[in-house]
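Heads up: the structure comes next, in structure tokens.
The values are calculated or read from the model by the stated rules, or taken from the named source; none is laboratory data. Since this is a predicted model, take the numbers as computed values, not measurements. Here Cβ is always computed from backbone atoms with ideal geometry, including for glycine, and neighbour counts include all displayed protein chains. The protein model used for the area step is the full one, side chains on, heavy atoms only, and it has no ligands, DNA or RNA in it. Shrake-Rupley method; radii C 1.70, N 1.55, O 1.52, S 1.80 Å.
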Amino acid sequence: MKRLSGKVVVITGAARGIGRAIALRLAGEGANVALVTRSSVDKLAEVAQTIEAANGQALTIQADVSGVDDAKRIISETTEKFGRIDILVNNAGITKDNLLVRLKERDWDDVINVNLKGTFNCLKAAARPMMRQRSGKIINITSVVGIMGNAGQVNYAASKAGIIGLTKSAAKELSAWNITVNAVAPGFVETDMTESLPEDAKNMMLQWIPLKRPGQPADVAGVVAFLCSEDADYITGQIVQVDGGMRM
Ligand code: NAD
């Protein structure tokens, strides 16, 4: 039997990059997946088709995680379709980089609203059904930048550091219901998000990575799959870095 057979998983930001890789990996391990995107509906449909072509089950949901009502709808549509929710992967995230003194209030608000508030919204909406079931697993995607900081990313680093505090606090609260809450902190992963970085910034980051290569979405997906599995039942409140040794 596959490791996640029959499990119902919600993955936010699943249209591309790391979220897409997580969706394909978890579906490959037998999970029924609810895939969420804000705007990339066509790309999300392609991910769902790939999963269905391999005899998996996928539901697509267009929603903005920064809105409380959308977050509630993500969970209700998932439980309507699949009957329950076992795992939530809070992956949706954005960057709006600038130096501190140039950073606009709007860019601060947008990044905090999607990355941090969006994680809270979905976690809160999923917590009740998981508490009723007395089981659940929540995996939040943070970043090494939330641990070490990064010039030009005060909004992003603050949102990702916030996710770490949220993860540890929720892990303590929800442990009484047998719900684990962990975070995965990728380093530098090749996706659309990092594509637009200047070449010298990419080269500088590669110099910081002892394993001497950028991460791939599949590197992150493998660790998320482990945290979703029964092998991780006794792990909660942890921040697992997937960064080639970038920060140790
Ligand atoms: P990406 O930009 O390729 O994909 C982000 C996904 O999130 C997209 O599918 C997008 O539609 C979705 N999304 C954005 N805002 C949303 C919203 N409000 N509601 C619903 N969906 C929304 O990014 P990625 O590189 O795959 O990053 C995925 C996650 O990993 C993010 O949380 C990011 O911060 C984190 N991360 C990425 C890296 C990296 O190097 N790429 C490093 C550390 C952490």
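Look through LYS160, LYS202 and report the one residue that is open to solvent by 20 Å² or more (accessible area, probe 1.4 Å) and either part of a helix (DSSP H, G or I) or more than 12 Å from the ligand (Cβ to nearest atom) (or both).
On the way: LYS160 fails: open to solvent by 20 Å² or more (accessible area, probe 1.4 Å).
The unique qualifying residue is LYS202.
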### Task
Output the number of residues of segment 33-55 satisfying the condition of being closer than 15 Å to ILE87 by Cβ and either open to solvent by 10 Å² or more (accessible area, probe 1.4 Å) or within 10 Å of the ligand (Cβ to nearest atom) (or both).
2
### Query
Do you know which of the residues in segment 1-32 that are open to solvent by 50 Å² or more (accessible area, probe 1.4 Å) and touching a residue at least 40 places away in the same chain (Cβ under 8 Å) is nearest to the ligand (Cβ to nearest atom)?
ARG16
### Query
Could you say whether any residue in segment 138-152 is touching a helix residue (DSSP H, G or I) at 6+ places or on another chain (Cβ under 6 Å), more than 10 Å from the ligand (Cβ to nearest atom), farther than 20 Å from ALA21 by Cβ and touching a residue at least 40 places away in the same chain (Cβ under 8 Å)?
no
### Message
Can you list residue pairs whose Cβ atoms sit under 6 Å apart, with the first residue in segment 33-44 being charged (D, E, K, R) and the second being surrounded by fewer than 24 Cβ atoms within 10 Å (Cβ to Cβ)? Count only pairs 6 or more apart in sequence or on different chains.
### Response
ARG38/ASP64; LYS43/ARG16
### Message
Cβ-Cβ under 6 Å, sequence separation 6+ or interchain: first residue in segment 206-217 and open to solvent by 70 Å² or more (accessible area, probe 1.4 Å), partner in a loop (DSSP other than H, G, I, E, B). Which pairs?
### Response
TRP208/MET246; PRO210/GLY245; LEU211/GLY244; LEU211/GLY245
### Query
Which of (1) in a helix (DSSP H, G or I); (2) within 12 Å of the ligand (Cβ to nearest atom); (3) under 19 Å from the mean Cα position of the chain (by Cα); (4) not small (Gly, Ala, Ser) is the odd one out, the single condition LYS168 does not satisfy?
(2)
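Rundown of residues vs (1) closer than 15 Å to VAL154 by Cβ; (2) at pLDDT 95 or above; (3) in a helix (DSSP H, G or I), yes/no style:
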site	(1), (2), (3)
TRP108	yes, yes, yes
ILE112	yes, yes, yes
LYS117	no, yes, yes
PHE120	no, yes, yes
LYS124	no, yes, yes
ALA127	no, yes, yes
ARG132	no, yes, yes
ILE138	no, yes, no
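Is at least one residue of segment 101-115 closer than 19 Å to GLY237 by Cα and open to solvent by less than 20 Å² (accessible area, probe 1.4 Å)? If you could, list the steps in order and put the result at the bottom.
Narrowing segment 101-115 to residues closer than 19 Å to GLY237 by Cα: 115.
Applying the additional criterion that residues be open to solvent by less than 20 Å² (accessible area, probe 1.4 Å) yields 115.
Yes, segment 101-115 contains at least one residue that is closer than 19 Å to GLY237 by Cα and open to solvent by less than 20 Å² (accessible area, probe 1.4 Å).
Specify which of the listed residues (SER196, SER169, SER175) is closer than 26 Å to ARG20 by Cα and either surrounded by fewer than 17 Cβ atoms within 10 Å (Cβ to Cβ) or not β-branched (Val, Ile, Thr) (or both). Please lay out each step first, then the result.
Values: SER169 fails: closer than 26 Å to ARG20 by Cα; SER175 fails: closer than 26 Å to ARG20 by Cα.
Criteria check complete, one pass: SER196.
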